[in-house]
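**Student:** Here it is: the structure, laid out below.
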Amino acid sequence: MRQSNLFTKTIRESPKDEKSINAKLLIRAGFFDKLMAGVYSYLPLGFLVFSKIKNIIREEMNRVSGQEVFLPTLHPRKIWETTDRWHDKEGIMFKLKSRSGKDYGLGWTHEEVITPLVKKFVQSYKDLPVSVYQIQNKFRDELRAKSGLLRGVEFVMKDMYSFHASEEDLNKYYEKVKGAYFRIFQRCGIGKKTFLALALGGAFSKYSHEFQTITPYGEDTIYLCQKCKLGLNKEIIEDQKYKCPQCKNKELEIKKTIEVGNIFDLKTRFSKAFDFTFKDKDGKDKPIMMGCYGLGLGRLLGTIVEVHNDERGIIWPKEVAPFLIHLIALENEIKVSKASEELYRKLQGTEVLYDDREDKTAGEKFADSDLIGIPIRVVVSKKTLGKNSVEVKKRGEKKEQLVEIANLNKFLKSFI
């Protein structure tokens, strides 16, 4: 893509009403635009990153036999009354009336939709297990929408629900999903800083599991066991008297973190509400066991930026970067322009953002490149062309290398 065709622009100053690193950098770099508190527009660069994250999640959910669907956002009151959640205590559901006076809610979660849907198709133990997921907008009436993409009013979430004939089968699948989540975080570049953490499970089970990413500016606090690397939230610590419930170790380190995903057992909470049973091998009716697996895409994107940045801007991990290479024509001269155009043509097939802008200085182009954070920068200038070369540098590293143009494609394959 030619940068001169990109309708968005970078911003020099940080937005005054944003405090989080992810919001400041993503808005300045032209990835997102804030419509109002907790609601953001995905701009071309941001949508490229979002799409790559979505594809990684989709691949890993499919790998554990997830089947993708797309469910309605507008829900009738009746299904929420079936589970006694229409009058939710936290009041996070947006509610509205139609012109005919019917009550509806905007989905902030989808148990009430997916459970009766799957019930229509699953009657026997032979139909189980089933795992269904979607990547869909959610709406939550947050009183304090903050931290950029980390806590929104409207956001995109991957929510998956699994259906099982037994608790044993549910537990086995639960472990598979844990592995899938860690693969997602590894591929998104935050695997080394992300740990499993225990949280109180509320009405569904004793514990739920959160995936927490360590960052100095995190909005959560966990106690990380130095022996088994299990994270514990504050409620668990108080319940366990400052001792790891997994290995009984008392060497716990306090860490600031961001929650990037959560999974928990639903057991029969929703299957019983919808009278969802199956017939076992003996023809007896038994309740379906369920699990739930959530992952916010915007939250994950924001967390990546919180982890990967420096004083100049974002440093994208290569698998989620909007482009892999940032090609920069440094001077507005015929020789430089011609060589850059030829190089851009040869690099087709690779993800390249080509800074062909003629109204920007070298300093402005370098500043924008650092802010946007594409993994590899390739610079064409009079100086480099004098040696039949280009200057190549990884984002986040100080040293650049001169590479002969004839060897560039081969070099980039090994450099990436």
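**Student:** Out of all the residues in the stretch 115-128, which are part of a loop (DSSP other than H, G, I, E, B) and either in contact with a Leu (Cβ under 8 Å, 6 or more places away or on another chain) or hydrophobic (A, V, I, L, M, F, W, C) (or both)? Break it down into steps so the answer makes sense when it comes.
**Tutor:** So the first thing to find is which residues in the stretch 115-128 are part of a loop (DSSP other than H, G, I, E, B), and the list is 120-123, 128.
Listed by number, the residues that qualify are PHE121, VAL122, LEU128.
**Student:** Also, I was wondering about something else. Given the options PHE185, PHE139, PHE195, name the one that is in the same structural domain as LYS119 (by TED's automatic domain parsing), touching a Leu at 6+ places or on another chain (Cβ under 6 Å) and not aliphatic (A, V, I, L, M).
**Tutor:** PHE139
**Student:** Where residues in the stretch 76-118 are within 23 Å of ASP275 (Cα to Cα) and basic (Lys, Arg), which of them is surrounded by the most Cβ atoms within 10 Å (Cβ to Cβ)?
**Tutor:** Residues of the stretch 76-118 within 23 Å of ASP275 (Cα to Cα): 76-88, 104-105, 107-118.
Next, only the ones that are basic (Lys, Arg) stay: 77-78, 85.
On the way: ARG77: 14, LYS78: 11, ARG85: 18.
Of everything passing the filter in the stretch 76-118, ARG85 is surrounded by the most Cβ atoms within 10 Å (Cβ to Cβ).
**Student:** Counting only residues that are within 30 Å of GLY191 (Cβ to Cβ) and in contact with a strand residue (DSSP E or B) (Cβ under 6 Å, 6 or more places away or on another chain), give me the strands (runs of 3 or more DSSP E) lying completely in the stretch 281-341 with at least 2 of them.
**Tutor:** 289-296, 325-329
**Student:** What pairs come up if the first residue lies in the stretch 61-84 and is in contact (Cβ under 8 Å) with a residue 40 or more places away in the chain, the second is among the acidic types (Asp, Glu) and loosely packed, with under 15 Cβ neighbours inside 10 Å, and their beta carbons are under 8 Å apart, counting only those six or more places apart or on different chains?
**Tutor:** Listed pairs, sorted by first residue: MET61/GLU68.
**Student:** Here is a list of conditions, (1) more than 29 Å from TRP86 (Cα to Cα); (2) assigned to a strand (DSSP E or B), and MET160 meets all of them except one; can you say which number that is?
**Tutor:** Here MET160 meets the rest and fails (1).
**Student:** Applying the selection to the stretch 141-152, what residues are surrounded by 20 or more Cβ atoms within 10 Å (Cβ to Cβ) and either in a loop (DSSP other than H, G, I, E, B) or of a type in the set (S, T, N, Q) (or both)?
**Tutor:** Passing the criteria: SER147, GLY152.
**Student:** Consider TYR181 carefully, then state whether it is in contact with a Ser or Thr (Cβ under 7 Å, 6 or more places away or on another chain), assigned to a helix (DSSP H, G or I) and within 24 Å of GLU259 (Cβ to Cβ). Let's see the steps before the verdict.
**Tutor:** Values: in contact with a Ser or Thr (Cβ under 7 Å, 6 or more places away or on another chain): no; assigned to a helix (DSSP H, G or I): yes; within 24 Å of GLU259 (Cβ to Cβ): yes.
No, not satisfied.
**Student:** So if I check each of GLU210, GLU259, which one is out of contact with any helix residue (DSSP H, G or I) (no Cβ under 9 Å at 6 or more places or on another chain), outside any loop (DSSP other than H, G, I, E, B) and modelled with pLDDT of 90 or more?
**Tutor:** Numbers: GLU259 fails: out of contact with any helix residue (DSSP H, G or I) (no Cβ under 9 Å at 6 or more places or on another chain).
None of the others qualify; the one that does is GLU210.
**Student:** Only one residue in THR384, THR361 is surrounded by fewer than 17 Cβ atoms within 10 Å (Cβ to Cβ), of a type in the set (Val, Ile, Thr) and over 18 Å from ARG28 (Cβ atoms). Which one?
**Tutor:** On the way: THR384 fails: surrounded by fewer than 17 Cβ atoms within 10 Å (Cβ to Cβ).
One residue alone meets the criteria, THR361.
**Student:** May I ask you to list the residues in the stretch 218-245 that are farther than 14 Å from PHE195 by Cα and among the polar types (S, T, N, Q)?
**Tutor:** Answer for the stretch 218-245, where residues must be farther than 14 Å from PHE195 by Cα and among the polar types (S, T, N, Q): just GLN240.
**Student:** Six or more apart or on different chains, Cβ atoms under 7 Å: show the pairs whose first residue is in the stretch 156-178 and touching a residue at least 12 places away in the same chain (Cβ under 8 Å) and whose second is outside any loop (DSSP other than H, G, I, E, B) and loosely packed, with under 14 Cβ neighbours inside 10 Å.
**Tutor:** That search, which allows pairs on different chains as well, returns VAL156/ASN137.
**Student:** So is LEU347 farther than 21 Å from GLU311 by Cβ and either crowded, with 17+ Cβ neighbours inside 10 Å or in contact with a Phe, Trp or Tyr (Cβ under 6 Å, 6 or more places away or on another chain) (or both) or not? Don't jump to the end; show me each part of the working.
**Tutor:** Values: farther than 21 Å from GLU311 by Cβ: yes; either crowded, with 17+ Cβ neighbours inside 10 Å or in contact with a Phe, Trp or Tyr (Cβ under 6 Å, 6 or more places away or on another chain) (or both): yes.
Considered against the rule, which asks whether it is farther than 21 Å from GLU311 by Cβ and either crowded, with 17+ Cβ neighbours inside 10 Å or in contact with a Phe, Trp or Tyr (Cβ under 6 Å, 6 or more places away or on another chain) (or both), LEU347 comes out as yes.
**Student:** Looking only at the stretch 364-388, how many residues end up being of a type in the set (Asp, Glu) and in contact (Cβ under 8 Å) with a residue 24 or more places away in the chain? Don't jump to the end; show me each part of the working.
**Tutor:** Of all residues in the stretch 364-388, those of a type in the set (Asp, Glu) come to 364, 368, 370.
Narrowing the set further to residues that are in contact (Cβ under 8 Å) with a residue 24 or more places away in the chain leaves 368, 370.
Result for the stretch 364-388: 2.
**Student:** What number of residues within the stretch 264-280 satisfy the criterion of being assigned to a helix (DSSP H, G or I) and closer than 20 Å to TYR174 by Cα?
**Tutor:** Here the count works out to 3.
**Student:** Given the criterion among the aromatic types (Phe, Trp, Tyr) and assigned to a strand (DSSP E or B), identify the matching residue among TYR354, TYR344.
**Tutor:** Of TYR354, TYR344, the one residue that is among the aromatic types (Phe, Trp, Tyr) and assigned to a strand (DSSP E or B) is TYR354.
The values are calculated or read from the model by the stated rules, or taken from the named source; none is laboratory data. The model shown is predicted, which means the values in this text are computed figures rather than measured ones. Neighbour counts are summed over all protein chains in view; Cβ atoms, including those assigned to glycine, are modelled from backbone coordinates with ideal geometry.
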